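Peer 1: Here you go, one structure.
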Amino acid sequence: MTIPMILDCDPGHDDMVALLLASRHAELLAITTVAGNAGLEQSTRNALVAAQLFNLNAAVHPGAARPLIARSAFPPVLHGESGLDGPVLPTLTIGPSPITAVEAILATTRRVERCWLIGTGPLTNIALALRADPTLADRIAGISIMGGGIAFGNITPSAEFNIWVDPDAASIVFRAGIPLVMSPLDVTHQLMVTPAFGQRVRALDSSIAEFMADLFDTYATRYQDFFFEEAVGPLHDPCAVLALTHPELFEFRDMAVKVATGDGPARGATLPDQRHSKLDDPANVRVAVSIDSDAALELVIDAISAIP
Ligand code: RIB
Ligand code: CA
């Protein structure tokens, strides 16, 4: 049975792969966009690029241009000003829906029972939807996010980018009492694209394979420029989709996790209760702690090959 889902994203190189896998292995009902890797205009344009290139049967609904509480932003060094540096982007023949992200989330989850919300960017849209209609929490099957870091951060030593951008929205989601699956950096850094993987994609020998290979090569190079010693790019966002469509590829651990809000060095940290004591908070998150990365990468190759 294919899982119905709405993908809220900030494309973003890795968000593009999440969109592709969602269309291949789930029922992708709608795409909603949020500012994150780049501005809302770029996120929305890039989601439309995905919809057009991957022949996605899902409308793109623009959402929040800024977090719930506006703070300092971060320069788009990894994904670029376009949010999708590397490949030549196609001329769009489609446009965004006039229905906003929150309206689309509320209407779609009223139309389709037990839908999953997938968050691969800052969680502003999902938090706003929960605030706009508290009954949303009762009619969705759950929320699966790429976000957070248990042992480490990326944008700061303690915080992962998606949570750091809008920690208040993330705190609303983590405290909503909704089944929550979290793919933190601890697992996404196990799923790396390398130059060799980019060559495998390019060898698929199609225009879309060329586009994806350029995407992966640029992504890995940018990570080497700003983060790692070698050209490897963590495929963060696909984990949020695969954790639902292919749970057998993962090891999960139920944890009590809180989000640090406010400013200061802990902003956006996802704080697990690891006291292993009688004082422990009740678990509120199913955390992905490991992934079979070889199998996951084969699913990416398959999905690229299957694009009509
Ligand atoms: O920290 C990684 C996350 O931030 C990913 O979702 C990436 O696309 C960026 O949004
Ligand atoms: Ca993202």
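Peer 1: Considering only residues that are within 28 Å of MET182 (Cα to Cα) and in contact (Cβ under 8 Å) with a residue 12 or more places away in the chain, which ones fall in segment 74-98?
Peer 2: Hits for segment 74-98 are PHE74, PRO76, VAL77, LEU78, HIS79, GLY80, GLU81, SER82, GLY83, LEU84, ASP85.
Peer 1: Based on what the data block shows, is ARG110 under 22 Å from GLY262 (Cβ atoms), away from ligand 1 (no atom under 12 Å from the Cβ) and modelled with pLDDT of 95 or more?
Peer 2: Against the criterion (under 22 Å from GLY262 (Cβ atoms), away from ligand 1 (no atom under 12 Å from the Cβ) and modelled with pLDDT of 95 or more), ARG110 does not qualify.
Peer 1: A follow-up question, please. If I ask for residues that are under 17 Å from the mean Cα position of the chain (by Cα), over 15 Å from ASP214 (Cβ atoms) and modelled with pLDDT under 95, which ones from segment 67-100 would you list?
Peer 2: The answer is PRO76, LEU78.
Peer 1: State yes or no: is ILE150 under 14 Å from VAL257 (Cα atoms) and either in contact with a helix residue (DSSP H, G or I) (Cβ under 7 Å, 6 or more places away or on another chain) or buried (at least 21 other Cβ atoms within 10 Å of the Cβ) (or both)?
Peer 2: Yes.
Peer 1: Scan segment 34-45 and report the pairs whose first residue is farther than 7 Å from ALA65 by Cα and whose second residue is among the acidic types (Asp, Glu) and not in a helix (DSSP H, G or I), with Cβ atoms within less than 6 Å and a gap of 6+ or a chain change.
Peer 2: Short answer, once both residue conditions are applied: GLY36/ASP10; ASN37/ASP10; SER43/ASP10.
Peer 1: Among the residues of segment 155-170, how many are buried (at least 21 other Cβ atoms within 10 Å of the Cβ) and not hydrophobic (A, V, I, L, M, F, W, C)?
Peer 2: 4
Peer 1: List, please: which pairs have Cβ atoms under 7 Å, are six or more places apart or on different chains, and start with a residue in segment 200-222 that is touching a residue at least 40 places away in the same chain (Cβ under 8 Å) and surrounded by 22 or more Cβ atoms within 10 Å (Cβ to Cβ) and end with one that is of a type in the set (Val, Ile, Thr) and outside any helix (DSSP H, G or I)?
Peer 2: Partner pairs satisfying both residue conditions: PHE216/VAL193; TYR219/VAL193.
Peer 1: Could I ask something else about it? Kindly establish whether LEU68 is among the hydrophobic types (A, V, I, L, M, F, W, C), open to solvent by 10 Å² or more (accessible area, probe 1.4 Å), assigned to a loop (DSSP other than H, G, I, E, B) and over 22 Å from ASP217 (Cα atoms).
Peer 2: yes
Peer 1: Being at pLDDT below 95 and either in contact with a Cys (Cβ under 6 Å, 6 or more places away or on another chain) or within 24 Å of ASP281 (Cα to Cα) (or both) is true for just one of GLY262, GLY268. Which residue is that?
Peer 2: Only one candidate qualifies: GLY262.
Peer 1: Right, another one. Find the residue count for segment 1-25, including only residues that are assigned to a loop (DSSP other than H, G, I, E, B) and open to solvent by 10 Å² or more (accessible area, probe 1.4 Å).
Peer 2: 3
Peer 1: Name the residue that is farthest from LEU185 (Cα to Cα), counting only residues in segment 114-140 that are open to solvent by 20 Å² or more (accessible area, probe 1.4 Å) and touching a residue at least 60 places away in the same chain (Cβ under 8 Å).
Peer 2: Ranking the candidates gives ARG114 first.
Peer 1: Among the residues of segment 174-189, is there at least one that is open to solvent by 30 Å² or more (accessible area, probe 1.4 Å), in contact with an Asp or Glu (Cβ under 7 Å, 6 or more places away or on another chain) and of a type in the set (D, E, K, R)?
Peer 2: No - not one qualifying residue is present in segment 174-189.
Peer 1: Could you tell me whether any residue of segment 194-208 is of a type in the set (Asp, Glu) and either in contact with a Phe, Trp or Tyr (Cβ under 8 Å, 6 or more places away or on another chain) or under 30 Å from VAL285 (Cα atoms) (or both)?
Peer 2: Scanning segment 194-208 turns up no residue that is of a type in the set (Asp, Glu) and either in contact with a Phe, Trp or Tyr (Cβ under 8 Å, 6 or more places away or on another chain) or under 30 Å from VAL285 (Cα atoms) (or both).
Condition check ((1) of a type outside the set (Val, Ile, Thr); (2) within 16 Å of ligand 1 (Cβ to nearest atom); (3) more than 18 Å from ALA132 (Cβ to Cβ)) across all residues:
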| position | (1), (2), (3) |
| --- | --- |
| ASP8 | yes, yes, no |
| LEU21 | yes, yes, yes |
| HIS25 | yes, no, yes |
| LEU28 | yes, no, yes |
| ASN37 | yes, yes, yes |
| ALA47 | yes, yes, yes |
| ARG66 | yes, yes, no |
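Peer 1: Tell me which residues, restricted to segment 26-61, are aliphatic (A, V, I, L, M), under 12 Å from CYS9 (Cα atoms) and open to solvent by 30 Å² or more (accessible area, probe 1.4 Å).
Peer 2: Passing the criteria: only LEU40.
The values are calculated or read from the model by the stated rules, or taken from the named source; none is laboratory data. Everything quoted here is computed from the prediction, not taken from an experiment. All Cβ positions, glycine included, derive from the backbone under ideal geometry; neighbour counts span all protein chains shown. SASA here: full protein model, heavy atoms, side chains in, ligands and nucleic acids out. Shrake-Rupley method; radii C 1.70, N 1.55, O 1.52, S 1.80 Å.
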